[in-house]
Each structure stands twice: as C-alpha cells, then as structure tokens.
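The values are calculated or read from the model by the stated rules, or taken from the named source; none is laboratory data. Model, not experiment: these values are computed from the prediction. Here the Cβ positions follow ideal geometry from the backbone for every residue, glycine too, while neighbour counts run over all protein chains shown.
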Amino acid sequence: MMDEILETVVVETNRRAAQLQSQTGVQPQSRLNNWSDVTVSELRVFVAIILYQGTVQKAQLDMYWTRSLLLSTPYVKLMMSRDRFNLLLRCLHFVDNSTLQTFETPAERSFQKIKLFFDYIIGRFSSVYHPEKDIAVDESLMLWKGRLQMKQYIPLKRARFGLKTYAVCESGIFGNQYYIRIQQRCNLNMLQTVLCLLELC
C-alpha cells in the first residue's frame, strides 16, 4: 500500500511540475527548465531528508548543504543536491487540482489537497494501534506561521498561530497515542468532534 500512495504522489508531482513549466513568465534560468520526472525511489530519499531535518534542526534550509566544516551535514548532500530538493519541495503535490470539488471555505479546499495522504497516514496508525481504556479527547494547536488557509489564531494557546487539532489520547506505559483530525469546519460541536475521532480508532 505504501508504494501505491507514493506512486500517486509521484504522478501528481510530475503533473504539477509540467503545469508550472507551461505557465507564462518562467525565466530562462529557472530551475524548472531542468526538471526531470521524479521516481518513487527518489521520493523516498526526499521524505527521508525531511524526516532527518525534523531530528537535526538548523536555522535555514540551505544550511543542510553548507560546506562549512563546523556546520556541515555531509550525508544530506550525498543523497540529493540542494537545487533538486528545493525543486521537489516546490512541485510536491498530492492531488490533481482540476479534480477538486468546490468547497464553502478556502480552508476546506486547502485541506482537500492533502486529504488523500492524511487519510492514508491516519489509517496506517489506526491499523497498528487500538486504544483500550483511559482515553480522553484533547484539543491542541500545532504551531504553524507560514501561509495556510487552515491556520487559526487562538491567543490563549501557547503557539497562538497554527492548525487546530483534536486528538484521542490514551494514558499508558508508552505515553500518549494521538489520532489527529484537522478542524475543517468551525460549526462542529463537541459531540460531533468526539464521534468523528472515535471513528478513527
């Protein structure tokens, strides 16, 4: 199943790159002109680098490819060049935009662009872990300061800006297990939210 979702991402990423190349105003020196179709194996390397960046954090993205002996992370540039990584990051896509439905809010449309991948990840988590007892519903705000239609501002939260999420948490020896559902509609009451979360368990 993992290969199936990666192949979908590969197809949509290549489609997005072709769409960007066909747009008017692409400069002759643009990296898009050097685009070559991504493959599943290359996409796996791209995801591995993103996971690595979550563990080894640096102030700027370009610092992972620095030549400085003090700050260098040589394995990253051996796996993929900086220009190729940035190009994949720009073209990364999960769904064909032309097939998206019309939604009431920009936030719902924004979420639909990642929903396929999001549902797959939640499904995989749900298949390997089932909460048993001592569960609770928790609301949190995942910090995000970039451009995103789903971003909310809640001044009472520590993060203040980010994605509002609800999670089913289980207390146990191994810590907490979270089932996250992004709040797409503001009109969901607490009972509806709890029922949506329990469907994921």
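Table: residues versus (1) touching an Asp or Glu at 6+ places or on another chain (Cβ under 9 Å); (2) without any contact (Cβ under 8 Å) to a residue 40 or more places away in the chain; (3) among the polar types (S, T, N, Q).
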residue: Q53; (1), (2), (3): no, yes, yes
residue: S68; (1), (2), (3): no, yes, yes
residue: K77; (1), (2), (3): no, yes, no
residue: M80; (1), (2), (3): yes, yes, no
residue: T99; (1), (2), (3): no, yes, yes
residue: Q112; (1), (2), (3): no, yes, yes
residue: K133; (1), (2), (3): yes, yes, no
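Looking only at helices (runs of 4 or more DSSP H) that lie completely in the range 30-135, which have at least 1 residues being modelled with pLDDT under 85 and exposed (fewer than 12 other Cβ atoms within 10 Å of the Cβ)? First the steps, then the outcome.
On the way: elements: 40-55, 74-79, 82-91, 106-112, 115-128.
Because the criterion is at least 1 residues that are modelled with pLDDT under 85 and exposed (fewer than 12 other Cβ atoms within 10 Å of the Cβ), the helices (runs of 4 or more DSSP H) in the range 30-135 that meet it are 106-112, 115-128.
Being surrounded by 11 or more Cβ atoms within 10 Å (Cβ to Cβ), among the basic types (K, R) and under 21 Å from F118 (Cβ atoms) is the filter here, so list the residues in the range 139-163 that pass it.
If the condition is that a residue be surrounded by 11 or more Cβ atoms within 10 Å (Cβ to Cβ), among the basic types (K, R) and under 21 Å from F118 (Cβ atoms), then K151 is the only one that fits.
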